[in-house]
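Down below is the structure, laid out as structure tokens.
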Amino acid sequence: TATLTHYPDDETTWVTKPLLQHFGKPQPITLSSDTAQILGEGREIRLAGNVRGEREAGDDVLAMSFATERLTVVPDDERAFTDAAVHMTHGRSELDGQGLQLDQLHGTFSLNQVSATFYPKSRDKNR
């Protein structure tokens, strides 16, 4: 069961089972986790525990999904980042890294210390 608890003394809000969706370009992205801490007026959201991200394929964009243990989201900048270990699927390719930066405004991501297995682009847009 999802819950939301607001603490007015420090202006934080805690959420269990949060689901965040961003409907920008290049494709909408959905983020979920076990918990989230929302700071201030939503300027920063800290997702923790079983963090998952999903982006569907688009005209010129491969499907992408990732898993990590924590992720900080900055909604106004349309960015998210973590220094934790990340497992990502991009099209059919599999990537593992330490640290991730997502830039939804420009439709880019960056992984650090990457180990990857790349496969040719499939004719199926979802893969």
Here, Asp76 and Glu94, labelled 7 Å along Cα→Cβ, have an inter-label distance in nm of 4.1
Signed unit charges on C-beta, dipole axis of the chain, positive-most listed residue Gln101, Tyr119, Thr5:
Tyr119
Once you charge only the Cβ atoms, +1 for Lys and Arg and -1 for Asp and Glu, what is the size of the charge dipole of the chain about its Cα centre, to the nearest 20 debye?
640
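With a cap of 15 neighbouring Cβ atoms within 10 Å, and only residues DSSP puts in a loop, list the GluC sites (Glu not before Pro) found in segment 46-109. Each step should come with its number before you reach the end.
Values: sites: Glu54, Glu56, Glu69, Glu78, Glu94; in loops: Glu56, Glu78.
Of the GluC sites (Glu not before Pro), the ones in loops of segment 46-109 whose Cβ has at most 15 other Cβ atoms within 10 Å are Glu56.
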Here the gain from full extension of Asn50 to Ala67, 0.36 nm per residue of separation minus their alpha-carbon distance, amounts to 5.4 nm
Percent RCO, i.e. relative contact order, over the chain, from Cα pairs under 8 Å lying at least 6 residues apart
17
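What Kirkwood hydrodynamic radius, in Å, does segment 43-127 give when the mean of 1/r is taken over all pairs of distinct Cα atoms and then inverted?
Details: mean 1/r = 0.0755 Å⁻¹.
Result for segment 43-127, one decimal place: 13.2 Å.
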Can you tell which of Asp103, Asp34, Asp76 shows the greatest fluctuation in a Gaussian network model of the chain with Cα springs below 10 Å?
Asp76
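No lab work stands behind these numbers, since they all come straight from the coordinates. Predicted model, so just to flag it, every value in this text is computed and none were measured. Because the Cβ atoms are built from the backbone with ideal geometry, glycine has one as well, and the counts that use them run over all protein chains shown.
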